[in-house]
Amino acid sequence: MRIPKLQSSQYSWFIRPFLWLLERKQNKTLKPAQILGRRPKLFTATFLLYKTINRKSSPIKPYIHALMSVRVAQLNQCEFTIEHDSKVLQSLKERLNKDKLLDWQQCSDFKPQECAVLAYTDAITDTSLHVTDRHIDQLRCYYNDDEIVELTTIIVFQNMTTKYNDEIEFTRKTQ
């Protein structure tokens, strides 16, 4: 084990309720949260950023958010996030599932707006690609500049968390 979780009593007093709530909501222990809980300030900052990105007043529809989240998780090979966010995606839109995202460019089930978002997500996440003016122009057909900033933040946050979660999950697999 690379980095072990702490005993419940070893977490800061204000981290314990968050871990308990996360476990209750997910019906399982979330090891990535437990490991991050070792550093209360980082845990708090990450949690606040998560709550801000996932706020109900976000101009980005929950379905688009879930679509991007699953795609980032697929590109970063984070099974934990793929499984979690795929459930959200399926509950929001019956016509799509995570498997269709694997080869989204060849799938006719995606609308032009979804294709623009997925192309942008791929360009940010895949280090062999680059964001181009064409990506932004395609997004501008559906989103204003402030909304594109919001889309970018969601993608970047998902990249951070999927890489973190995958590392923690990798740690679990190699124990």
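The values are calculated or read from the model by the stated rules, or taken from the named source; none is laboratory data. All values reported here derive from a predicted model rather than from experimental measurement. Don't worry about glycine lacking a Cβ; one is built from the backbone with ideal geometry, like all the others, and counts go over all protein chains shown.
Summary table
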| item | result |
| --- | --- |
| Asp126 being in contact (Cβ under 8 Å) with a residue 40 or more places away in the chain, closer than 26 Å to Lys56 by Cβ and exposed (fewer than 15 other Cβ atoms within 10 Å of the Cβ) | no |
| Criterion (outside any helix (DSSP H, G or I) and free of Cβ contacts under 8 Å to residues at least 60 places away in the same chain) met by exactly one of Leu89, Leu67, Leu6, Leu19 | Leu6 |
| Qualifying residues in the stretch 40-54 (those that are surrounded by 14 or more Cβ atoms within 10 Å (Cβ to Cβ) and of a type outside the set (S, T, N, Q)) - the one nearest to Val149 (Cα to Cα) | Ile53 |
| Search result, residues across the stretch 22-38 that are crowded, with 16+ Cβ neighbours inside 10 Å and outside any helix (DSSP H, G or I) | Leu30, Gly37, Arg38 |
| Residue in the stretch 87-120 that is surrounded by the most Cβ atoms within 10 Å (Cβ to Cβ), counting only those that are modelled with pLDDT of 75 or more and among the acidic types (Asp, Glu) | Glu114 |
| Odd one out for Lys41 among (1) under 25 Å from Glu79 (Cβ atoms); (2) part of a helix (DSSP H, G or I) | (1) |
| Residue that is more than 14 Å from Thr162 (Cα to Cα), among the acidic types (Asp, Glu) and out of contact with any strand residue (DSSP E or B) (no Cβ under 8 Å at 6 or more places or on another chain), where the choices are Asp85, Asp103 | Asp103 |
| Inter-residue pairs, beta-carbon under 9 Å, first not assigned by TED's automatic domain parsing to the domain that holds Thr46 and in the stretch 140-162, second assigned to a helix (DSSP H, G or I) and of a type in the set (Phe, Trp, Tyr), 6+ apart | Ile148/Tyr120; Leu151/Tyr120; Thr152/Tyr120; Ile155/Tyr120; Phe157/Tyr50; Thr161/Tyr50; Thr162/Phe80 |
| Residue count, the stretch 70-86 (criterion: in contact (Cβ under 8 Å) with a residue 60 or more places away in the chain, crowded, with 23+ Cβ neighbours inside 10 Å and in a helix (DSSP H, G or I)) | 3 |
